[in-house]
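Asks: This is the structure, below, for whatever I ask next.
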């Protein structure tokens, strides 16, 4: 990969951008003066899950970007298509799609009701596919204009080892559905000049959603900023790099960043909680 460029003037359509990893990626892009379409469902403050599309928009503006907060359930096709239209009306197009929204339930088959199965697959796999499909016409226009369009999905490398399935089959199916979009769309969109990649953390990331999972000690996690810095390197690199499943620390090391201490929730931590799907 070449030296990073800039996201100034680029428009990013980011799902799950009201908090956590999505918001961190948005704010990193905002430092360059990017336009951010904040896609999420949260409009009213929730003490258990801080952050709304409106508070996220204010943080993005404070970081130097422009923001368009839109309340969207990415399981609803009409809502996603309307959001894309509003983004184009407001910013003139879409250059980058970040598929970050995701639902998680680390439950076995007996304890995963179909409503939960449908939620995970509807948001993770179907939502990623739908948002990519909806943004594709604008990404193709961005390519024609030479603006280095990209799709970045927050999903893991595809490992077929049984231990990644046997404890939470439904979640793994849903998450791997996102990764299969990367695999397929990287090949499909190459002819258009649209890069499609995935990014995944080696360690657990301290987010409000993770704190809601019983037994997870977020003090042994890294901050979302390790992913936003890694995402920035991908999104500012030439679009010829496509079809990759990047791991955050490996990507950062390839760019000369090997001291990751600033990303530790607890300074000095050596034994981080490993994330799923990284062999």
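Nothing in this text is a laboratory measurement; each read-out follows from the coordinates by a stated rule. Everything numeric here is computed off the predicted structure, so don't read it as measured data. Note that each Cβ is placed from the backbone with ideal geometry, even for glycine, and that neighbours are counted across all protein chains shown.
Asks: Once the cut-off is 15 Å, how many percent of the Cα-Cα pairs in the stretch 178-221 end up in the long-distance tail?
Replies: Details: 545 of 946 pairs.
Of all Cα-Cα pairs in the stretch 178-221, 58 percent lie more than 15 Å apart.
Asks: Something else now. For the stretch 37-109, list log₁₀ I(q)/I(0) at each q in 0.22 Å⁻¹, using the Debye formula over Cα point scatterers of equal strength and ignoring solvent, two decimals each.
Replies: Summing over Cα pairs of the stretch 37-109 leads to -1.11.
Asks: May I ask you to work out the translational diffusion coefficient for the stretch 74-115 at 20 °C, viscosity 1.002 mPa s, via Stokes-Einstein with Rh from the Kirkwood sum over Cα pairs, reported in whole µm²/s? Before the final figure, lay out each step's value.
Replies: Numbers: Rh = 13.2 Å.
Result for D is 162 µm²/s.
Asks: Right, something else. In terms of the Cα gyration tensor, with a ≥ b ≥ c the square roots of its eigenvalues, is the stretch 197-248 rounded because a/c is under 1.5, prolate because a/b exceeds b/c, or oblate? Don't skip to the answer; put the middle values down first.
Replies: On the way: a/c = 3.43, a/b = 2.64, b/c = 1.30.
Because a/c hits 1.5 or more and a/b exceeds b/c, the stretch 197-248 counts as prolate.
Asks: While we're looking at this one, here's another question. What is the ratio of the Cα radius of gyration of the stretch 57-208 to 2.2 N^0.38 Å, where N is its residue count, to two decimals? Before the final figure, lay out the partial values.
Replies: Numbers: Rg = 16.6 Å, N = 152, 2.2 N^0.38 = 14.8 Å.
Rounded to two decimals, the normalised Rg is 1.12.
Asks: When only Cα pairs under 8 Å and 6 or more residues apart are kept, what is the percent relative contact order across the stretch 100-173?
Replies: Working: 54 pairs, mean separation 37.9, N = 74.
Reported relative contact order: 51 percent.
Asks: Also: Using only the alpha carbons of the chain, what is the convex hull's orientation-averaged projected area in square nanometres? Before the final figure, lay out each step's value.
Replies: Values: hull surface 55.5 nm².
So the mean shadow area of the Cα hull is 13.9 nm².
Asks: Using all alpha carbons of the stretch 1-127, what is the percent of pairwise distances in each 5 Å bin, ordered from the shortest bin to the longest?
Replies: In order of increasing distance, the bins hold 2, 11, 20, 22, 18, 12, 8, 4, 2, 1 percent.
Asks: Which order, highest average first, do 248-258, 153-163, 62-72 follow once you tally other Cβ atoms within 10 Å for each residue and take the mean per peptide?
Replies: Values: 248-258: 14.8, 153-163: 16.7, 62-72: 19.1.
Per-residue mean Cβ counts within 10 Å order the peptides as 62-72, 153-163, 248-258.
Asks: Which log10 I(q)/I(0) values, to two decimals, does the stretch 142-190 give at q = 0.21 Å⁻¹ under the Debye formula with one point per Cα?
Replies: Here log10 of I(q) over I(0) equals -0.76.
Asks: Starting at 0 and stepping by 5 Å, how many percent of the alpha carbon pairs of the stretch 119-230 end up in each bin?
Replies: 2, 11, 17, 19, 21, 15, 8, 5, 2, 0
Asks: As an exercise, use a Förster radius of 41 Å and the Cβ-Cβ distance of residue 73 and residue 161 to find the FRET efficiency, rounded to the nearest 0.05.
Replies: Values: r = 33 Å, r/R0 = 0.80.
After rounding to 0.05, the efficiency reads 0.80.
Asks: Also, quick follow-up: For the stretch 234-279, just say rounded, prolate or oblate: build the C-alpha gyration tensor, square-root its eigenvalues into a ≥ b ≥ c, call rounded for a/c under 1.5, and beyond that prolate if a/b exceeds b/c, oblate if not. Could the numbers behind the result be given before it?
Replies: Numbers: a/c = 3.13, a/b = 1.66, b/c = 1.88.
It is oblate, given that a/c is not under 1.5 and a/b is not larger than b/c.
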